[in-house]
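This report refers to the structure that appears directly beneath it.
Computed from the coordinates by the stated procedures, all read-outs in this text should not be read as laboratory data. Keep in mind that this is a model prediction, so the values were computed, not measured. Using ideal geometry, Cβ is built from the backbone for each residue, glycine included, and neighbour counts are taken over all protein chains shown.
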Amino acid sequence: MGKEARLKKVVIVADWDADGVVSAAEIYYSQKYREAFPHRGKALVEMEPSGPRGFQEKAGSLGCGDIVVILDIPYTEEVKAGLKTYLESCGEKIESMLYFDHHDSTLKRSRELEAEFGILLFYGVMPTSLIVRNTLEAAGIRLTPRLNNFVKGVAVLEGGGKAIGGFVSKSIVNLTASISKTLNRRRDPDVWRRYVEWLANPLPFEPTKLPGSGETIVEASLEESREADEEVRRVATDLAMSSVKVGIVSFVDARGKWRRPGASALASFIHKIVKTPVALLFERDDGVRVLVLRSSAGEAKMLAKELEELGLVEDLGGHETSPQPG
């Protein structure tokens with residue numbers, strides 16, 4: 001056996017969005033460039049993007065790791081099934097599993113995560129990338145200034161415009177948002193991994209191009225973001241006209257009109273137009289119906305919890321605003 005075969009293997013699974021990709025970059029940087037966390041020393045690193053929906057299928061194709069790190073993925077029934085699948089095939093090899101997240105569903109089922117899967121949970125009421133940064137700093141690991149700026153950019157986006165992670169320039173916030181839109185539109189694991197590597201690179205001015213094109217990451221992100229905004233704005237305007245008021249909520253039926261990623265952004269645009277809480281129903285390609293809730297004063301979170309208590313949704317995912325109807 002060669003030297004490389006004896007190295008520990010770290011498997012990173014993170015969400016597609018900005019919080020997920022920046023969180024993955026933090027762990028990748030700490031392991032590849034600092035050789036400090038989650039394993040002290042050299043290690044092979046495998047990275048895969050996944051949301052809560054599709055996690056079970058992703059888990060079935062993951063390589064077995066000595067250390068597994070899950071980032072920014074709300075704990076749902078499908079995630080539970082995926083973890084069982086993964087442990088059935090890799091259980092004897094796994095030394096430890098770490099779970100970083102900030103979603104309500106994960107906190108509610110934290111005991112289940114820890115007891116059933118032996119997972120070490122890092123939870124907070126802040127973006128996952130900020131939880132990771134704080135954990136690394138507590139271990140004596142400081143991020144590069146650029147990567148730290150993207151953590152702050154995510155914190156601004158997740159905090160509704162508030163700089164909860166520290167001051168950061170508007171250009172970084174805009175680029176962070178553009179990266180999130182690009183990844184959600186392309187849904188290409190190779191592109192996602194390229195972004196992780198670019199964010200983690202300690203050489204900030206090294207040009208990085210996306211696979212299969214001559215575009216640099218920054219150029220591609222800004223252009224994709226412009227196209228995404230134009231498309232969402234156009235569809236949101238049409239759907240807002242057909243919204244139906246139910247109490248204080250504007251209900252929007254987007255089935256047959258929106259099937260691609262980006263429904264959360266679509267709901268946010270509609271919310272800005274109608275100025276009331278929005279409930280957007282759409283159907284994924286696999287036939288599963290998803291209800292996205294958006295509000296500006298906490299109504300969405302309260303409504304989501306009520307729907308869950310009434311048994312009208314199977315899982316609460318997203319950012320406490322996107323229940324999945326049964």
Considering Cα pairs under 8 angstrom that are at least six residues apart, work out the relative contact order of region 45-178 and quote it in whole percent. 17 percent
Coil-residue chymotrypsin sites (Phe, Trp or Tyr not before Pro) of region 115-193, DSSP, other Cβ within 10 Å capped at 15: PHE167
Local charge sum around LEU239 (other residues, Cβ-Cβ under 12 Å, Lys/Arg +1, Asp/Glu -1)? +2
Given the pairs LYS32/LYS181; LYS9/LYS181; LYS152/LYS245; LYS152/LYS275, which are separated by over 32 angstrom at their Cα positions? LYS152/LYS245
Work through the residues other than ARG142 whose Cβ is under 15 Å from its Cβ and net out their charges, Lys, Arg +1 and Asp, Glu -1. +1
Those GluC sites (Glu not before Pro) from region 69-161 that are DSSP loop and have at most 14 other Cβ neighbours within 10 Å turn out to be GLU92, GLU95
